[in-house]
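Any read-out appearing in this document is the output of simple, stated calculations on the displayed coordinates, not a laboratory observation. None of these values were measured; they are calculated from a predicted model. Cβ placement follows ideal geometry from the backbone for every residue including glycine, while neighbour counts extend to all protein chains displayed.
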Amino acid sequence: ATDAHKLYTDKIEGNYTFDDVEAVLPSRAFAPLLTILNGVDEVTMSVDTKNFIFTTSDTTLTCRKIEGNYPNFKAIIPNHPTMIEAVKAEFIQALSRVALFADSTTSLVKLNVSSDKMDMEGSDIDFSKMSKDSVGVIKWQGNALSIGAKANFLAICASNIFSDNIIIEFGTSTQPMLLKDSMRPNKTILLMPMMTV
């Protein structure tokens, strides 16, 4: 799933009885789908030329496929040389504190990554306010760098990591950052950076 700023990709292992299918499912279909999946142990998905059909023991949801091809998302997921691992709770708490002082129009926070810590900075020049916070780094490889991100987008991405630690991979300040989940190795969340001054 993508909104051109964030991309979420996951691969779920299961028992499949059909060939690979690629199709675009509208995002508005997910709210009712999640409702029928709540408390259900098993769901069957079938696909025809125009529809997805999700069936549980007592409910059937039919959703029309969107015409057209989904972009080749695998082509935009880079391999990055710089990686950090930090405690997710500490990362999210520091981000929420710094975001309070970020510019209200851009919501820009700056991340300064080094071998022993990640410094976060949010500021709003118009109102003369600024905040800095740090998060300890558990693992590190690569080079020190600075990168900007939209605070609320970064918070959404980080909150979708289910393990206790968050893994973030960086390339350069203009390349997207990747957030990974050690509990779900097939999950990748890509976030486009923002230019910092």
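Once the other residues with Cβ under 14 Å from the Cβ of residue 56 are scored (Lys, Arg +1; Asp, Glu -1), what is the net sum?
After counting each charged neighbour, the total is -3.
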Problem - In degrees, nearest ten, helix 88-99 long axis to first principal axis of the chain (Cα) - result: 60
Handout entry: For the range 56-197: rounded, prolate or oblate by the Cα gyration tensor [a/c cutoff 1.5]
Key = prolate
Handout entry: Amide hydrogen neighbours beyond the local backbone of residue 107, cut-off 5 Å, H modeled
Key = none
Fill in the blank from the handout: Largest-first semi-axes in Å of the equivalent ellipsoid built from the Cα gyration tensor of the range 61-109 are 33, 20, 14
Fill in the blank from the handout: For the range 1-121, inverting the pair-averaged 1/r of distinct alpha-carbon atoms gives a Kirkwood value in Å of 18.7
Fill in the blank from the handout: Checking rank on 139-149, 44-54, 89-99, with mean other Cβ inside 10 Å and highest first, the result is 89-99, 139-149, 44-54
Fill in the blank from the handout: Whole-Hz Karplus couplings 3J(HN,Hα) for the range 38-55, θ = phi - 60° and coefficients 6.51, -1.76, 1.60, Gly and Pro as x, run 4, x, 9, 7, 9, 10, 10, 10, 10, 10, 10, 5, 10, 9, 9, 10, 9, 10
